1. Once you put a point 7 Å from the Cα of residue 584 and another 7 Å from the Cα of residue 233, both along the Cβ direction, what distance in nm separates them?
2. First measure r as the distance between the Cβ atoms of residue 130 and residue 458, then evaluate 1/(1 + (r/R0)^6) with R0 = 51 Å and state the FRET efficiency to the nearest 0.05.
3. What area, in nm² and to one decimal, does the C-alpha convex hull of the stretch 287-536 cast on average over all directions?
4. Tell me, how many Å apart are the Cα centres for the stretch 396-466 and for the stretch 555-571?
5. If one puts a single equal scatterer on every Cα of the stretch 65-240 and applies the Debye formula without solvent, what log₁₀ I(q)/I(0) results at q = 0.11, 0.13, 0.19 Å⁻¹?
6. Suppose the chain between residue 397 and residue 137 were pulled fully straight at 0.36 nm per residue; how much longer would it get relative to their current alpha carbon spacing?
7. Rounded to whole Å, give me the distance from the Cα center of the stretch 237-309 to that of the stretch 590-605.
8. For the stretch 398-511, what class follows from the C-alpha gyration tensor (a ≥ b ≥ c being the square roots of its eigenvalues): rounded when a/c is under 1.5, otherwise prolate if a/b is larger than b/c, else oblate?
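Any read-out appearing in this document is the output of simple, stated calculations on the displayed coordinates, not a laboratory observation. Note that this is a predicted model, so its numbers are computed, not measured. When we count neighbours, we look across all protein chains shown, and the Cβ atoms used for this are built from the backbone with ideal geometry, even at glycine.
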């Protein structure tokens, strides 16, 4: 048989043999390191038989596919251990995810992270036993009987989802069996280092109408040193998590009487959002955007017209029953239909285009309970929303302008190095998710690809991530835990102008359909605030800091002077507060540092007599004595430059 290797060389073997044996013929070292292989491009376990001419590649932990199989096997070991300790537990799903794995369980009695120690001990026993992991298949009826015998109800649901004619496979290690498409490692002993990291709730199949399950997260590596390094990063991430730092510093809070996904933005957080909003709105105005202000609630007629009612209704909050009520009111999940209505107020000529609308819009989306976290995913949020109505000839220039605005804003806020670009395309295998024909999508996606390539944007492609009405350029980022999310977006819309009968009069005096760009310049303000809290660990740049200066009195004799200086700073445009409590200076300085105030001014008898202030910076330390005017001049220069040190 002829085996074609990744480098193009050929290996000739006599008779069928396992993938492991084939790999040994390539290299003994590779055979020891290989976790899984590819036979004719399909992933397979190392005990899979090679019995004909094929392409072949052995994969190690250095490959993403190798990592995924390694992590997936560790998820099975977790489920095996949990089943040994809690025999009545129901198993749901346990996939590999970025940086680790998880498994969802339905426990009769709730567990806590305190139970991780005994679960990990049982996992180590299973790994030490070096149990072979074997794959077997069953016909559908036999598979159903087998799962019923195991008394695993969630697996029966998963079995029902497997299409007729598709192979139904199981993987067994010792007395543990799981319904799984695989592949897996050859034995449990291949896992070297692992750790369970967290425990959370998760609705079965992500649907809040289903039962809440217990999700156990973990991670695993081939080297203990890599695991230790990753765990150290996790601990650091917990300390920088905006959900902790933001609460500790008083940027936001939540309250169970108000509800999940409805954060209360406290004075510090509200001030930062106000500063961001003012800056963004002023910049948008410079770039020709027209400000709008539209209702947060509207009849659902608009969303029926736009298609959101058919494609997005499950994510919307609305009042009324369409089978009973004549009028249904929706809390808007976006502003596009409302801004389109403004566009239609008066006939437009090609000379009027492009029209750029922008709005700081409060919007609502019905996020699942298990998906919400801090300020990252919430049910009410404030979006820097905007739409551009343009001619086809203007599309590329306007799209480039949207990208340029996002680049500029991310540079100013200091997050330009933490983002990347994703070209989100439709899924031609599921056309019912979208409006328009395949020809429409091919045309607009080719247009968008040409624009991105002309702009020299480096991007990755993501099929199935487009909006239902058009492709998107998504600007992606990660939180401190490594979770990826879409921060801002620019979308080309080829459909809604027709649905809303939007027209303009072209150069020939004929009616024509415009194209539409949907964009968010700095995204959701709450989410971006959370990102900035993590980026700066609460120590905001001077221009964004909710409190820029704290003036401390050294003694009771300098209280009046401290208050006087504080008022003078405020009059000169700085956000200042005075701490004139009868406390030790060290305590007042420590509190200001804990609260990440950029500058601390100390006024003692000497400073009061000489009409100066002793200046301390939160990271640079003592800067010496200055007059108030010198200090303010320094601060205003720093603020004007939007320094992000």
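1. Once both label points are built, they end up 4.1 nm from each other.
2. Values: r = 44 Å, r/R0 = 0.87.
Efficiency, rounded to the nearest 0.05: 0.70.
3. On the way: hull surface 57.7 nm².
That works out to 14.4 nm².
4. Going from one Cα centre to the other spans 53 Å.
5. So the normalised log intensities work out to -0.46, -0.65, -1.38.
6. Values: separation 260, 0.36 × 260 = 93.60 nm, distance 5.60 nm.
Full extension from residue 397 to residue 137 adds 88.0 nm.
7. Here the two parts' Cα centres lie 30 Å apart.
8. Numbers: a/c = 2.27, a/b = 1.46, b/c = 1.56.
Oblate.
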